[in-house]
Structures are given as structure tokens and as C-alpha cells.
Amino acid sequence: MKIAIISDIHANLAAFNAFPETSYEALWCVGDLVDYGPRPHEIIQEVRNRVDLTVCGNHDYAAGSAADPQCSPPFRRLAAETLRYTQQVCTAEDLEFLRTLPVCRQIRIASTRFYVVHAIPTNPLFGYCSKESDQWQWEVEGIQADVLVVGHTHTPFVRTVGSTVVVNPGSLGQPKTGRPLACYAVWEDGRVSLKEYEYPIEETIRDIRKVPISEQDQDALIGVLRTGNIPSPQTPASEHIEVK
């Protein structure tokens with residue numbers, strides 16, 4: 001059994017369309033279909049048609065429910081601005097799809113138990129847990145799973161905690177690896193591989209230039225894609241931008 005696992009597409013249609021895996025039994029998405037990127041409607045349609053299992057990310061929840069995605073300070077302004085755009089260009093059906101995505105999925109394949117969640121089991125939408133965090137011990141103790149699949153951090157990793165393998169495929173549409181390469185993971189018969197690939201990034205950049213946000217915000221989004229690094233904070237950490 002081969003499962004291709006993607007996460008954090010963030011409306012990057014060019015990255016999604018360039019996905020190199022073609023032979024797999026299932027394609028899973030660990031949330032955050034929208035925001036930051038220029039093609040949220042198209043990504044929602046592609047996910048609905050091509051993905052076998054999808055859970056809700058904090059940006060999906062925010063777009064579907066007109067809520068705050070609770071982003072870190074460097075991304076707070078960009079999230080607010082692109083969320084408004086996402087809600088403008090997505091249909092009511094798109095937003096309903098995002099609103100009704102499950103926050104977690106538990107599935108058994110043969111003898112392997114999977115738990116799939118965007119962030120962490122104890123805080124499915126917003127919890128942030130790096131690979132090295134001691135918190136993973138608490139997270140895996142609260143679930144019954146051989147494989148815990150997470151996203152949210154945009155950084156890929158595989159870590160074994162007790163008897164549970166924690167897999168983060170990284171971000172397909174906005175990687176934070178220091179490289180401009182789309183990331184994903186493959187689980188095949190108990191083995192996990194982390195992979196990355198080039199995609200036509202200039203296509204995404206051209207589309208970002210058409211998004212009705214400030215040139216400064218466009219530059220920041222493009223900088224993240226080109227470098228794989230977070231932007232400099234655009235607003236003070238104490239400032240709260242309300243998302244409506």
C-alpha cells in the first residue's frame with residue numbers, strides 16, 4: 001500500500017499540478033488548502049476531485065468560518081490580507097467545503113493505525129510542535145496510532161516517539177526549509193520517505209502579482225516562495241489584526 005501525503009498547499013496551484021507522484025493507492029492532504037497563495041478556488045476543486053482524505057487546517061477553518069487563523073507575527077498581516085482575497089474569490093460551496101472538513105481522521109490500513117491531524121492531537125488547528133519538542137510524548141500518549149500524520153509547521157520530519165512514528169510532510173505550497181522546493185511524504189508498506197521537487201514557481205509569482213493586495217505584501221509572499229524562509233515581521237508582535 002502506497003500513500004502520498006501532502007500538506008499546506010496554500011493555494012499554490014502550480015506546485016499542486018507539478019506533483020510528481022503518479023502511482024499510489026491514496027492521496028492524503030493534512031490541511032491548509034488556502035491563503036497566502038493566488039488560486040484558492042482552483043485548489044479546493046482539485047482537492048475535492050483528487051484527494052482521498054483531507055483534514056481541516058487553521059487557514060481552512062478561518063476562511064470557512066470567518067475566524068482568525070492565529071498566525072505567528074511575521075505572517076499575521078499576510079494571512080489577514082490573503083484571507084479576505086480567499087473569501088472573495090471562493091464560492092459559497094467552496095467555503096462550505098472548508099467549513100465542514102473534519103479536524104482529524106483515524107483510519108486503519110491492514111494492521112497500521114493512522115491518526116491524521118493538521119497541527120497536534122490536543123490542539124488540532126493551532127498547536128505548534130517542532131520535531132525536537134518534548135510535547136510529542138504527551139501527544140502520542142493521548143491517541144492510539146502507529147503513525148501520527150501532522151502538518152502546520154511547513155517543515156518536514158519523521159520522528160519515532162515510543163511506538164508511534166510522527167510524520168510531517170512539510171508544505172507543498174509554501175515550504176520553510178530554506179529551499180524553494182515543494183515538499184511531501186510517501187508512506188509505503190511501513191516505510192516513510194520525505195521528498196521534494198521543483199515546480200514552475202514563476203507561474204505562482206505571476207499569479208500573486210494579480211492578487212489585489214499591496215505590492216509590499218506581494219513581495220513578502222514571493223520572497224517566502226523564492227527563499228523558503230519566513231519574512232521579516234511586518235507588524236509588531238503585540239498588534240492584533242482582526243480577520244473578518
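The values are calculated or read from the model by the stated rules, or taken from the named source; none is laboratory data. Computed from a predicted structure; not experimentally measured. Heads up, the Cβs are rebuilt from the backbone with ideal geometry, glycines too, and the neighbour counts pull from every protein chain shown.
Looking at region 95-103, is at least one residue over 20 Å from Ala145 (Cβ atoms), aromatic (Phe, Trp, Tyr) and modelled with pLDDT under 95? No: region 95-103 contains no residue that is over 20 Å from Ala145 (Cβ atoms), aromatic (Phe, Trp, Tyr) and modelled with pLDDT under 95. Gly151 satisfies every condition listed in (1) at pLDDT 95 or above; (2) surrounded by fewer than 20 Cβ atoms within 10 Å (Cβ to Cβ); (3) outside any helix (DSSP H, G or I); (4) of a type outside the set (D, E, K, R) except (2). Gly223 passes every criterion in (1) out of contact with any strand residue (DSSP E or B) (no Cβ under 7 Å at 6 or more places or on another chain); (2) in contact (Cβ under 8 Å) with a residue 12 or more places away in the chain; (3) small (Gly, Ala, Ser); (4) under 26 Å from Thr86 (Cα atoms) apart from (2). For region 26-43, filtered to residues that are surrounded by fewer than 24 Cβ atoms within 10 Å (Cβ to Cβ) and either within 11 Å of the chain's Cα centre (by Cα) or free of Cβ contacts under 8 Å to residues at least 40 places away in the same chain (or both), the residue that is nearest to Cys183 (Cα to Cα) is Leu27. Looking only at residues in region 44-56 that are surrounded by 18 or more Cβ atoms within 10 Å (Cβ to Cβ) and touching a strand residue (DSSP E or B) at 6+ places or on another chain (Cβ under 9 Å), the one that is farthest from Gly127 (Cα to Cα) is Val47.
Confirm whether Ala92 is of a type outside the set (S, T, N, Q) and either at pLDDT below 95 or over 19 Å from Val167 (Cβ atoms) (or both). Yes. Do we find that Leu83 is among the hydrophobic types (A, V, I, L, M, F, W, C) and touching a helix residue (DSSP H, G or I) at 6+ places or on another chain (Cβ under 7 Å) in this structure? It is true that Leu83 is among the hydrophobic types (A, V, I, L, M, F, W, C) and touching a helix residue (DSSP H, G or I) at 6+ places or on another chain (Cβ under 7 Å). Tell me, yes or no, whether region 168-180 has at least one residue that is modelled with pLDDT of 95 or more, outside any loop (DSSP other than H, G, I, E, B) and surrounded by 14 or more Cβ atoms within 10 Å (Cβ to Cβ). Checking region 168-180: at least one residue is modelled with pLDDT of 95 or more, outside any loop (DSSP other than H, G, I, E, B) and surrounded by 14 or more Cβ atoms within 10 Å (Cβ to Cβ). Mind checking which residues of region 194-206 are more than 15 Å from His10 (Cα to Cα) and either surrounded by 14 or more Cβ atoms within 10 Å (Cβ to Cβ) or under 18 Å from the mean Cα position of the chain (by Cα) (or both)? Of everything in region 194-206, those that are more than 15 Å from His10 (Cα to Cα) and either surrounded by 14 or more Cβ atoms within 10 Å (Cβ to Cβ) or under 18 Å from the mean Cα position of the chain (by Cα) (or both) turn out to be Leu194, Lys195, Glu196, Tyr197, Glu198.
Among the candidates Arg84, Arg105, Arg113, the residue that is surrounded by fewer than 22 Cβ atoms within 10 Å (Cβ to Cβ), within 16 Å of the chain's Cα centre (by Cα) and not hydroxyl-bearing (Ser, Thr, Tyr) is uniquely Arg105. For region 134-147, the criterion of a residue being on the phi < 0 side of the Ramachandran plot, more than 15 Å from the chain's Cα centre (by Cα), assigned to a loop (DSSP other than H, G, I, E, B) and of a type in the set (Gly, Ala, Ser) is satisfied by at least one position.
Within region 107-129, the set of residues being farther than 21 Å from Ser163 by Cβ and assigned to a loop (DSSP other than H, G, I, E, B) comprises His118, Ala119, Pro124, Leu125, Phe126, Gly127, Tyr128.
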